[in-house]
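Visitor: Here it is, the structure, as structure tokens.
No lab work stands behind these numbers, since they all come straight from the coordinates. Bear in mind that the values here come from a model prediction, so they are computed numbers and not experimental data. Positions of Cβ are backbone-derived with ideal geometry, glycine not excepted, and every protein chain shown enters the neighbour counts.
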Amino acid sequence: TITSDDIAADAINAASINPDVAGAGLTQNASGALEVDGTAINGDGNITSSDLTVGGDTNALLGDVTLEIAPNAVGTTEIADGTITSDDIAADAINAASINPDVAGAGLTQNASGALEVDGTAINGDGNITSSDLTVGGDTNALLGDVTLEIAPNAVDASTINANVAGAGLTQNASGALEVDVTGISGDGSITSPNGTVTLTGTPANSLFENVGFDVNVP
């Protein structure tokens with residue numbers, strides 16, 4: 001009897017193989033060599049994925065296989081140009097870090113965090129501030145639209161009056177209202193009695209805004 005010990009290494013070649021050696025999943029070609037016939041193999045494993053749509057046969061593998069997209073695996077080269085639409089972008093998905101510096105056009109700058117900020121010095125407006133009641137200085141075209149400033153009726157009340165408004169002859173009370181201070185008024189009119197028929201007391205000189213004379217008609 002012939003045992004494995006009787007068979008020399010590499011002694012069994014293709015020509016030595018009987019066709020009945022090729023069982024399920026194997027075929028024998030014209031030279032006698034054995035070949036795998038994938039169409040004749042019935043696997044019991046499936047390809048499944050929660051990220052990808054898997055089609056084709058079930059039981060296509062010898063064991064179960066899952067397919068998932070690895071973190072950061074989809075980059076610029078994997079995404080076709082022009083295929084991302086606004087519907088593909090989630091709400092609030094575009095954050096400061098996503099903004100390229102060239103997004104900041106005239107009137108905008110990008111800070112260190114990537115957030116956009118308004119740069120007022122770079123905005124050229126076409127609106128002016130004008131007023132018939134107030135003196136307006138500064139730049140023209142300082143606003144995006146024309147603005148007029150006028151003092152509204154009754155807008156200047158006691159609370160808006162500065163204390164230095166109260167000059168000679170005026171004082172300001174606790175509420176801010178102005179009051180006449182007669183002791184602070186110096187008139188340039190005097191009370192006189194030309195014929196001396198009236199005796200004047202007090203301070204008749206400069207006691208009035210205009211000169212006044214008193215005289216008594218004696219019949």
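Visitor: Determine, for Ser132, Ser4, Ser207, the number of other Cβ atoms within 10 Å of each Cβ, and report the residues in order from fewest to most. Kindly include the intermediate steps, with their values, before the conclusion.
Guide: Values: Ser132 8, Ser4 5, Ser207 16.
Exposure proxy ranking, most exposed first: Ser4, Ser132, Ser207.
Visitor: In the chain, what percentage of the DSSP-assigned beta bridges are antiparallel, given to the nearest 5? It would help to have the intermediate numbers written out before the result.
Guide: On the way: 12 of 18 bridges.
Beta bridges within the chain, antiparallel portion: roughly 65 percent.
Visitor: Separation between the Asp181 and Val103 pseudo-spin-labels, each 7 Å from Cα along Cα→Cβ, expressed in nm?
Guide: Roughly 6.3 nm, to one decimal.
Visitor: Here is a follow-up. Determine the dipole magnitude for the stretch 112-219: charges of +1 sit on the beta-carbon of Lys and Arg, -1 on that of Asp and Glu, nothing else is charged, the reference point is the Cα centre, and the result goes in debye to the nearest 20. Let's see the in-between values first.
Guide: Working: 0 positive and 13 negative charges, 106 e Å.
I would put it at about 520 debye.
Visitor: Order by neighbour count: Ser16, Ser193, fewest other Cβ atoms within 10 Å first, most last.
Guide: Numbers: Ser16 10, Ser193 14.
With the sparsest Cβ surroundings first, the list reads Ser16, Ser193.
Visitor: Using +1 at the Cβ of each Lys and Arg and -1 at the Cβ of each Asp and Glu in the stretch 1-97, identify which of Gly23, Gly82, Gly43 lies farthest towards the dipole's positive end.
Guide: Gly23
Visitor: For the chain, would you read off the P(r) tail past 29 Å as a percentage of all alpha carbon pairs? Intermediate results must be reported in sequence, preceding the final value.
Guide: Working: 18031 of 23871 pairs.
Summing the P(r) tail past 29 Å for the chain gives 76 percent.
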